[in-house]
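In what follows, a structure is listed as structure tokens, so that the remarks can point back to it.
The values are calculated or read from the model by the stated rules, or taken from the named source; none is laboratory data. Here the structure is a predicted model, which is why all the values come from computation and not from measurement. Every residue, glycine as well, gets a Cβ built from its backbone with ideal geometry; the counts of neighbours run over all protein chains shown. Note: areas computed on protein heavy atoms with side chains; ligands, DNA, RNA excluded. Shrake-Rupley method; radii C 1.70, N 1.55, O 1.52, S 1.80 Å.
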Amino acid sequence: DMVPWPYLTAVVNATIGTDYTVEDVRAIGAKIIAMSHEFNAARGFGLEQERLPEWITGRPQANDASLTLTAAEMDGMVKDYYAARGWRMPVA
């Protein structure tokens, strides 16, 4: 949600000449994410590809220990993301 949905919707409509609503564009985006996930899963991509590299999870960011994102925290975030999307967690 880095780009406001109303702005994104206006750009899409102006670019391709449609009259989508914000809800339409959100639904299209969700469908793209789901289809990409299904495509990747069918080709063997799993939890290992859902992780950030160790150089991010294995050290503090900006030399501040409070900014560390551990692998365990990342695993929890991935689990929450899968749940929010209604996806089953693959077997690791």
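In debye, nearest 20, what is the charge dipole magnitude of the chain about its Cα centre with +1 on Lys and Arg Cβ and -1 on Asp and Glu Cβ, if you could check?
Details: 8 positive and 12 negative charges, 45 e Å.
Result for the chain is approximately 220 debye, rounded to the nearest 20.
Using the reciprocal of the averaged 1/r over all distinct C-alpha pairs, how large is the Kirkwood radius of the chain in Å?
Details: mean 1/r = 0.0629 Å⁻¹.
The answer is 15.9 Å.
Below 11 angstrom from the Cβ of Leu47, what's the summed charge of the other residues (Lys, Arg +1; Asp, Glu -1)?
Taking every Cβ under 11 Å from that of Leu47, the sum is -1.
Mind checking the angle between helix 71-85 and the chain's longest principal axis? C-alpha axes, 0 to 90 degrees, to the nearest 10.
Once rounded, one gets 30 degrees.
To the nearest 10 degrees, how steep is helix 22-42 against the longest Cα principal axis of the chain, on a 0 to 90 scale?
Here the helix axis deviates by roughly 50 degrees.
Tell me the relative contact order for the chain as a rounded percent, counting alpha carbon contacts under 8 Å between residues six or more apart. Can you show the working numbers first?
Details: 46 pairs, mean separation 16.7, N = 92.
In percent, rounded to a whole number, it is 18.
Fully extended, how many nm does the chain gain between Glu73 and Lys31 (0.36 nm per residue separation, minus their Cα-Cα distance)?
The Glu73-Lys31 span can extend by a further 12.4 nm.
How much accessible area per residue does the chain have, counting only protein heavy atoms and a probe of 1.4 Å, in square angstrom? Present the calculation step by step, with values, prior to reporting the outcome.
On the way: 7160 Å² over 92 residues.
Result: 78 Å² per residue.
Which net charge results for the neighbourhood of Glu38, defined as the other residues with beta-carbon distances under 13 angstrom from its beta-carbon, given Lys and Arg at +1 and Asp and Glu at -1?
Numbers: positive: Lys31, Arg43, Arg85, Arg88; negative: none.
Net of charged neighbours comes to +4.
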